[in-house]
Amino acid sequence: MRITSITRQSGLLATSLLLLTVVAEHLRMMSATPHAMEVAGSVSSPSWGKSAATTIILVITGILVGRTATKSGIFRNFCTLPIPIFGVAACGMFVSPDMFATSAAAMCAAGGMSLFIRTLSRPNDKSPVFFGAMLFGITVLLYPPCIVFAALLPFMALVSFQSWRKIVIAAVGYLLPFAAASYIGWYAGGGILDGAYSIAEWFVPFGYTPVHSPVREGFPIMAAAIAAILLSLAVAEIILRRIDKGTTLVKADKSAQIVSAVMILAVAAFAVPRCTVAIMPVIAVPTAILAGAALDRIKTETSTVIYWILLSLTAIHLFFI
């Protein structure tokens, strides 16, 4: 395949790159000494079984991200770039022993975002509203810092829902998983507020100083470079889309707004005191779509160079640093 066509790669190649990235990063976690920030807050060491399950979930999520990107109307051409970019963003930089829960949260976030985008073309269908909000509600149970996605509901009320009935349906769908978990916990003999307390604990800083220091043990420079490239691409896509708003279809524009809002809220989760880099799979969901759209927007030669640099930095980080 010619180098100038790498950004138009097939779905099979894109999925293979995703799988290779995920497997390589988990092998690095299992066999090498991880960076301090990757194990910060972890209560257990990674196991082969958990790593295998996480790998399967991440691959499924990457495929779902690619499908969502295709149906969103954001891309001008057929493009599978969000699939491998998701792998790079999710675990090509950092991988935590606690990524099993956040990988499941990422899959729920990808599904919820896909359903919310579907409401743009099906204004009379209330099922995507309910189930999309419910999936975002499940992310809180899987990883409490994802509670920031609660702010997505009022945003969606302005962008897509635009009716009190849909707003109520979304609120009920979002609160249903927490209510069900609280009831099950109470029925099993616990307190009805135990779930709320466990979520609130995430907003209380740790009462001890971490043993590991990223400065003392070395900072992952390659990971920082990858993050800078992906963040620059995502921000560039948001800015350029706002500039070209007059020439963009309504669905594509609103889809981009939804994806952008999810990314901003996911990054904002780092403000939660106990949030760690384990949340990277969740952040990778919208980042992969925006970064892929930015590469799809620019010239093929330029996007190919950027894409190869991204893959090269990822390979260096995984196998050498």
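The values are calculated or read from the model by the stated rules, or taken from the named source; none is laboratory data. Quick caveat: nothing in here was measured; it's all calculated off a predicted structure. Cβ placement follows ideal geometry from the backbone for every residue including glycine, while neighbour counts extend to all protein chains displayed. Just the protein is used for accessible areas: all its heavy atoms, side chains included, with ligands, DNA and RNA removed. Shrake-Rupley method; radii C 1.70, N 1.55, O 1.52, S 1.80 Å.
Here are some notes:
- Selection count where residues are within 17 Å of Ala223 (Cα to Cα), modelled with pLDDT under 80 and not acidic (Asp, Glu), scope segment 3-55: 12
Here is a yes/no grid of residues against (1) within 24 Å of Leu233 (Cα to Cα); (2) among the charged types (D, E, K, R); (3) modelled with pLDDT of 95 or more:
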position	(1), (2), (3)
Val95	yes, no, no
Ala101	no, no, no
Arg118	no, yes, no
Asp125	no, yes, no
Ile138	no, no, yes
Val168	no, no, no
Ala181	no, no, no
Gly185	no, no, no
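- The condition of being part of a loop (DSSP other than H, G, I, E, B) and of a type in the set (A, V, I, L, M, F, W, C) holds for only one of Cys108, Cys79, that being Cys79.
- Within segment 231-254, the only residue that satisfies the criterion of being among the acidic types (Asp, Glu) and open to solvent by 30 Å² or more (accessible area, probe 1.4 Å) is Asp244.
- Filter pass, Ser114 being surrounded by fewer than 24 Cβ atoms within 10 Å (Cβ to Cβ), hydroxyl-bearing (Ser, Thr, Tyr) and part of a helix (DSSP H, G or I): yes
- Some residue of segment 120-130 being under 17 Å from the mean Cα position of the chain (by Cα) and open to solvent by less than 10 Å² (accessible area, probe 1.4 Å): no
- Ala157 vs. criteria in a helix (DSSP H, G or I) and at pLDDT 95 or above: no
- Residue match in segment 42-49 (condition: surrounded by fewer than 20 Cβ atoms within 10 Å (Cβ to Cβ), among the aliphatic types (A, V, I, L, M), out of contact with any helix residue (DSSP H, G or I) (no Cβ under 8 Å at 6 or more places or on another chain) and part of a loop (DSSP other than H, G, I, E, B)): yes
- Within segment 170-192, residues that are outside any loop (DSSP other than H, G, I, E, B) reach partners that are open to solvent by 70 Å² or more (accessible area, probe 1.4 Å) with beta carbons closer than 7 Å, at six or more positions or on different chains, in the pairs Gly173/Phe131; Pro177/Leu141; Phe178/Leu141; Ala181/Leu141; Ser182/Ile192; Gly185/Asp194; Trp186/Ile192.
- Within segment 188-229, considering residues that are of a type in the set (Asp, Glu) and out of contact with any Lys or Arg (no Cβ under 9 Å at 6 or more places or on another chain), the one modelled with the lowest pLDDT: Glu217
- Residue list for segment 143-169, filter: within 26 Å of Glu201 (Cβ to Cβ), in contact (Cβ under 8 Å) with a residue 24 or more places away in the chain, surrounded by fewer than 23 Cβ atoms within 10 Å (Cβ to Cβ) and touching a Phe, Trp or Tyr at 6+ places or on another chain (Cβ under 9 Å): Pro144, Ile147, Ala150
- Extreme residue, farthest from Ser198 (Cα to Cα), among residues of segment 255-286 that are in a helix (DSSP H, G or I) and open to solvent by 60 Å² or more (accessible area, probe 1.4 Å): Ile264
- The set of residues in segment 134-148 being in contact with a Ser or Thr (Cβ under 6 Å, 6 or more places away or on another chain) and in a helix (DSSP H, G or I) consists of Cys146 alone.
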